[in-house]
Amino acid sequence: MNGGKISFEFRSNLSELGKLHRNLEELGKSLGMSKKAVFQIDLAIEEVLSNIILYGYTDKAEHWIKITIWDQNRTLNIRIEDDGIPFNPLEAEAPDLECSLEERQIGGLGCHIMKSLMDDIVYERLGNKNVLTMKKTIEDT
Amino acid sequence: MEIIEKRQNDISIFKVNGRLDSNTSPRFEEKIVEAIKNGSNKMIIDFEALDYISSAGLRVINKTTKQLKHIEGMLILCSMQDYIKEVFVITGFDSFLPIVSTCDEALMKF
């Protein structure tokens with residue numbers, strides 16, 4: 001895939017996560033990525049996708065989410081585009097990791113995981129689309 | 001995802017095989033809720049065969065910990081792969097959850 005881009009389109013349904021996982025496993029193999037690297041990218045993408053699918057739409061229609069991935073000298077670029085309501089995950093409130101179990105709120109946890117795992121994340125609102133671009137230096141097998 | 005449930009004395013042990021993501025975690029939660037309804041308050045979740053966990057899986061674990069605490073029970077996690085453990089560290093879940101290396105070690109905690 002060196003230099004090339006690959007794209008996947010997913011329906012706005014959580015049942016698509018299995019397909020995401022299979023696609024990423026294949027990609028990981030073709031790029032010689034470690035199991036851990038594939039896991040971390042899979043996880044960051046799921047956290048973004050599940051937020052979009054669960055909270056991003058105000059109607060019940062089926063929407064499509066497009067993911068484009070390309071390798072740039074061992075830095076993986078992942079772009080996620082959706083036509084949901086404007087949402088910048090970088091501005092999501094961070095969970096209070098220090099508070100007690102009883103007070104612990106789960107909201108924002110997925111965004112926190114994604115931000116912790118990726119090296120760089122850029123959010124843009126372009127027309128009616130959210131465009132999130134994440135970068136991650138990949139570890140070899 | 002596949003869940004194998006067994007009981008050893010009064011301890012419920014769940015071995016989770018595969019992936020705990022936003023799509024599969026509700027099924028995992030159902031199993032646990034059912035076990036609590038049937039009187040379980042001591043639980044071990046064995047993650048030896050777990051390949052993947054997301055915040056949806058963590059949410060179930062968090063809820064379970066809270067529920068068990070209310071009924072004077074306890075949840076112990078064991079046998080995680082390193083990259084799975086890292087998610088527990090990133091989210092601070094390792095600070096309130098007992099995580100041990102083996103299922104035998106977990107059994108000795110009760």
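The values are calculated or read from the model by the stated rules, or taken from the named source; none is laboratory data. Owing to the predicted nature of the structure, the values given are computational and were not obtained by experimental measurement. Because the Cβ atoms are built from the backbone with ideal geometry, glycine has one as well, and the counts that use them run over all protein chains shown. These area figures cover heavy atoms from the full protein model, side chains too; ligands, DNA and RNA do not enter into them. Shrake-Rupley method; radii C 1.70, N 1.55, O 1.52, S 1.80 Å.
Structure data summary
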| quantity | calculated |
| --- | --- |
| Residue check, A:S30 in a helix (DSSP H, G or I), within 14 Å of chain B (Cβ to nearest Cβ) and open to solvent by 40 Å² or more (accessible area, probe 1.4 Å) | no |
| Residue count, segment A:57-84 (criterion: part of a loop (DSSP other than H, G, I, E, B) and surrounded by 11 or more Cβ atoms within 10 Å (Cβ to Cβ)) | 5 |
| Residue within segment A:85-95 that is at pLDDT below 95, open to solvent by less than 60 Å² (accessible area, probe 1.4 Å), out of contact with any strand residue (DSSP E or B) (no Cβ under 9 Å at 6 or more places or on another chain) and not basic (K, R) present | yes |
| Scan of segment B:62-102 for residues that are surrounded by 17 or more Cβ atoms within 10 Å (Cβ to Cβ), among the β-branched types (V, I, T) and closer than 17 Å to B:N38 by Cα, ordered by number | B:T64, B:T65 |
| Odd one out for A:L54, checked against (1) more than 12 Å from chain B (Cβ to nearest Cβ); (2) open to solvent by 50 Å² or more (accessible area, probe 1.4 Å); (3) of a type in the set (A, V, I, L, M); (4) part of a helix (DSSP H, G or I) | (1) |
| Filter result (aromatic (F, W, Y) and in contact with a Ser or Thr (Cβ under 8 Å, 6 or more places away or on another chain)) within segment B:29-67 | B:F47 |
| Candidate set from segment B:7-22 (those that are more than 13 Å from the chain's Cα centre (by Cα) and surrounded by fewer than 20 Cβ atoms within 10 Å (Cβ to Cβ)); member that is farthest from B:S40 (Cα to Cα) | B:G18 |
| Neighbours by Cβ (under 9 Å, 6+ apart or cross-chain): first from segment A:38-51, on the phi < 0 side of the Ramachandran plot; second among the aromatic types (F, W, Y) | A:F39/B:Y52; A:F39/B:Y83; A:Q40/B:Y83; A:D42/B:Y52; A:L43/B:Y52; A:E46/B:Y52; A:L49/A:F10; A:N51/A:F87 |
| Members of segment B:61-89 found to be more than 10 Å from every other protein chain (Cβ to nearest Cβ), in a helix (DSSP H, G or I) and β-branched (V, I, T), listed by number | B:I61, B:T64 |
| In segment B:32-54, residue farthest from the other protein chains (Cβ to nearest Cβ) [restricted to those that are touching a helix residue (DSSP H, G or I) at 6+ places or on another chain (Cβ under 7 Å) and open to solvent by 10 Å² or more (accessible area, probe 1.4 Å)] | B:D46 |
